[in-house]
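The values are calculated or read from the model by the stated rules, or taken from the named source; none is laboratory data. This is a predicted model, so every value here is computed, not measured. Heads up, the Cβs are rebuilt from the backbone with ideal geometry, glycines too, and the neighbour counts pull from every protein chain shown. The area values use the complete protein model at the heavy-atom level, side chains included, leaving out ligands, DNA and RNA. Shrake-Rupley method; radii C 1.70, N 1.55, O 1.52, S 1.80 Å.
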Amino acid sequence: RSLASSLVFLAGALGGTFCVDRLGRRKVLVIGTLLCAITLACAMGCSAASKVATTSNGSVKLDASKVNRAASKASIAFLILFGGAFAWGYQPLLPIYPSEVLRMEQRSTGMGLVVLSLNLCSE
């Protein structure tokens, strides 16, 4: 599962990198945020549905002892898709925005701090 999620993240980041030039930064950010919200909502809905059991008369009750395995697997799949949507929408924009918001005098120091913090967080 780790290899599959890593490949989805890689494909999302590469796809987002190519889409930034075609769609523009703002559209990629808005669409990526929308995709993240949709996939996260679907993941949470499937996660909630994995614990619900239906009784014989059609009413729905929460039963933690019974697990809907299909909904559990769908929840994991949507979480992997969330990572791909996040990589598509945010990963290509990460090195662009810090350099745009800093003044010219602060840009080299600010970008150095951005790279340092990214390297510290990734270890």
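Quick notes on this one:
- C-alpha long axis of helix 25-49 to longest principal axis of the chain, angle in °: 20 degrees
- Calculated accessible area for the chain comes out at 70 Å² per residue, all protein chains present (probe 1.4 Å; ligands, DNA, RNA ignored).
- Note on exposure: Glu100, Glu105 ranked by accessible area (1.4 Å probe, complete protein assembly) read Glu105, Glu100, with the most exposed listed first.
- Estimated FRET transfer efficiency when R0 is 30 angstrom, pair Arg69-Leu118 (beta carbons, to 0.05): 0.20
- Pairs of Lys residues in the chain that lie 8 or more places apart, or on two chains, and have C-alpha atoms under 30 angstrom apart add up to 4.
- Added length on full extension, which subtracts the Cα-Cα distance from 0.36 nm per residue, Leu10 to Ile31: 5.8 nm
- A helix-only calculation puts the chain at -24500 deg cm²/dmol for mean residue ellipticity at 222 nm, using -39500 (n - 2.57) for each DSSP H run of at least four residues, averaged over all residues.
- Projecting the Cα atoms of Ser47, Pro92, Val114 onto the charge dipole of the chain (Cβ charges, centred on the Cα centre) puts Ser47 farthest toward the positive pole.
- Label of the coordinate-derived value, semi-axes √(5λ) of the Cα gyration tensor in Å, listed as [x] 33, 17, 12; [y] 39, 15, 13; [z] 28, 15, 11: [y]
- Heavy-atom surface analysis with a 1.4 Å probe gives the chain a carbon and sulfur content of 67 percent of its accessible area.
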